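Right, one structure below, let's go through it.
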Amino acid sequence: MHSKLQFFYVRLKEKLWIRPLIFCLLAIAAALAARTVDRLGLNDLIPQIDHDTVEKLLSIIAASMLGVATFAVGSMVSAYASVSSNATPRAFTLVISDDVSKTVLSTFIAAFIFSVVSLIAIKTGYYGPGGLFIIFIMTIAVLGWVVFSFVRWVDQIARLGRVGTTIARVEKAAKAAIERRRHSPNLGALPVDTSADLGEPIYADTIGYIQHINVEALQSCAEKYKLVLTIAALPGGFIAPGRALVFFQRHANDIPKEFDTSLISSEFVIGHDRTFDEDPRFGLTALSEIASRALSPAVNDPGTAIDIIGTLVRLFAFWVRPLEETKHPKDKFDRVRVPSLKLEEMFDDAFTAIARDGAGAIEVVVKLQKAFISLSSIQNNELREAAAKHSKLALARAELALKLPYEIERVRALAGKVL
């Protein structure tokens with residue numbers, strides 16, 4: 001239950017309306033709570049503030065903040081559209097979850113709500129001298145916070161939506177997902193025994209991508225009914241009719257024949273889109289898509305593709321980095337079997353599209369071969385095999401696309417260092 005709640009909490013944080021709503025509620029609460037000062041009997045000690053002074057300040061904020069908030073929304077929408085058109089639509093969720101932009105937008109809207117509520121309260125005589133003084137102090141503080149937020153946001157919005165910023169965000173999300181999977185390669189369960197009988201399949205009623213697997217709940221269900229569960233698809237896998245979600249084995253005669261398989265399938269969150277949190281391959285795919293779009297004739301930006309190749313090298317080197325013994329957790333879900341990510345499939349996600357679309361650009365092909373040389377020099381046999389395979393594929397594509405014999409020989413020489 002905790003795992004599923006945490007997943008939905010992360011999804012909720014990505015929504016654009018959550019933070020503005022919270023800020024607005026806090027603004028209303030602050031405006032109404034100022035009256036409590038009148039009940040403390042401190043009116044003689046508090047400076048007297050003229051109603052007109054406070055009303056004019058609040059009117060300025062109320063008149064300007066709605067326009068500023070509208071401008072902020074327009075700027076953010078333009079940045080989001082830029083991400084979809086210049087980078088990849090798959091990175092949209094990362095850009096929209098930008099904390100600075102959401103905080104600034106929430107500040108503008110909350111300032112508008114605070115000023116309107118305070119103006120209404122003043123006009124109706126809600127505040128005494130003490131409450132009016134507190135509202136004056138709050139108004140000055142809100143005005144200062146708005147100015148600070150706007151200055152802070154100017155630099156952020158100038159970068160938001162740019163290809164370089166988007167690449168950095170995708171790399172960060174991919175690295176975080178890789179880090180989690182490195183420390184829990186089988187999601188805390190045991191690896192799949194390929195020689196064992198998998199058992200009976202369970203299919204999902206929903207078609208879409210697996211976003212989250214509640215392995216802890218599956219372990220509890222398996223213990224209760226004395227089952228062994230083998231998960232057939234990892235987060236990021238597409239579930240369609242005919243593809244099993246999980247297999248279960250009966251290890252006791254007292255299990256009812258009409259076992260309610262929905263108890264198991266309900267612990268899989270399936271949605272229309274893939275998410276970055278628990279799917280390391282999705283980050284690699286998004287980076288590859290950005291590079292492919294940069295290599296298209298309409299964009300013709302091989303420099304971006306070259307930058308992404310370097311990013312992919314960093315991510316794969318991080319993936320195979322040895323874990324410290326103290327940080328390697330023991331498998332705790334002994335009745336659940338989860339397949340491991342295959343490095344070969346991760347290489348397919350990362351490099352296939354770049355090698356295909358950049359086969360005719362010598363600078364991209366050279367950078368790819370140098371990347372494979374770097375990866376093959378790491379002391380990891382699986383990584384070396386994957387690098388050698390994709391080096392051959394990239395060489396074959398380059399030989400078909402490149403025209404100059406000198407360029408072809410140069411790529412062959414580099415590929416020879418990998419093989």
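The values are calculated or read from the model by the stated rules, or taken from the named source; none is laboratory data. Fair warning: this is a prediction, and the values are worked out from it, not measured in the lab. Glycine gets a Cβ as well: all are built from the backbone with ideal geometry, and neighbour counts include every protein chain shown. Just so you know, the surface numbers come from the protein's heavy atoms only, side chains and all, with ligands and any DNA or RNA stripped out. Shrake-Rupley method; radii C 1.70, N 1.55, O 1.52, S 1.80 Å.
Taking segment 261-390 as the region of interest, the number of lysine pairs whose Cα atoms are within less than 30 Å, with members eight or more places apart or on different chains, is 8. Can you tell me what percent of all Cα-Cα pairs in segment 266-381 are more than 16 Å apart? Summing the P(r) of segment 266-381 above 16 Å gives 67 percent of all pairs. Rounded to the nearest 20, the size of the Cβ-charge dipole of the chain about its Cα centre is 620 debye, with Lys and Arg at +1 and Asp and Glu at -1. The apolar share of the surface of the chain, taken as the fraction of accessible area on carbon and sulfur atoms (1.4 Å probe, ligands and nucleic acids excluded), comes to 59 percent. Comparing 212, 51, 390 in a Gaussian network model of the chain (Cα springs below 10 Å), the most mobile by mean-square fluctuation is 51.
With the gyration tensor restricted to C-alpha atoms of the chain, the semi-axes of the equivalent ellipsoid amount to 51, 34, 17 Å, longest first.
Rounded to the nearest 20 debye, the dipole magnitude of segment 185-319 is 220 debye, with +1 charges on Lys and Arg beta carbons, -1 on Asp and Glu beta carbons, and the Cα centre as origin. The smallest convex shape that holds all Cα atoms of segment 96-151, its convex hull, gives 70 Å³ per residue.
The packing ranking of peptides 153-159, 228-234, highest mean first, is 228-234, 153-159, where packing means the average number of other beta carbon atoms within 10 angstrom of each residue. Each eigenvalue of the Cα gyration tensor of segment 120-211, multiplied by 5 and square-rooted, gives one semi-axis; in descending order these are 55, 24, 14 Å.
Convex hull volume of the Cα atoms of segment 47-196, normalised per residue: 179 Å³.
Against the chain, whose longest principal axis is taken from its Cα atoms, helix 18-33 shows a tilt of about 20°. Taking amide H positions as modeled 1.01 Å from N, with prolines and chain starts lacking one, the residues under 5 Å from residue 212 and 5 or more places away or on another chain are 269. Between 167, 46, 264, the residue with the greatest mean-square fluctuation in the GNM of the chain (Cα pairs under 10 Å linked by springs) is 46. For segment 370-412 versus segment 282-351, the inter-centroid distance based on Cα atoms is 18 Å. Semi-axes of the equivalent ellipsoid of segment 156-197 are 37, 10, 6 Å, computed as sqrt(5λ) over the eigenvalues of the C-alpha gyration tensor in descending order. Using the Cβ-Cβ distance between residue 403 and residue 298 with R0 set to 25 Å, the FRET efficiency from 1/(1 + (r/R0)^6) comes to roughly 0.70. For the chain, the per residue solvent-accessible surface stands at 51 Å², with DNA, RNA and ligands left out and a 1.4 Å probe.
The simple Förster model, with R0 at 22 Å and r as the Cβ-Cβ distance, assigns residue 197 and residue 334 a FRET efficiency of 0.80. A simple packing score, the average count of other Cβ atoms within 10 Å per residue, orders the peptides 214-220, 402-408 as 214-220, 402-408, with the highest score first. Nearest 10 degrees, 0 to 90: what angle lies between the long axis of helix 2-13 and the longest principal axis of the chain (Cα atoms)? Relative to the chain, helix 2-13 is tipped by roughly 60 degrees. Taking Cα centre as origin and charging only the Cβ of basic (Lys, Arg, +1) and acidic (Asp, Glu, -1) residues, the dipole magnitude of segment 267-373 rounds to 260 debye. Legend: P(r) of segment 174-224 from all alpha carbon pair distances, 5 Å bins from 0, whole percents, reading 4, 13, 15, 27, 22, 14, 4, 0. With one equal scatterer per alpha carbon and no solvent term, the Debye-computed log10 I(q)/I(0) for segment 226-317 at 0.23 1/Å reads -1.14. Axis angle, to the nearest 10 degrees, between helix 343-357 and the longest C-alpha principal axis of the chain: 80 degrees.
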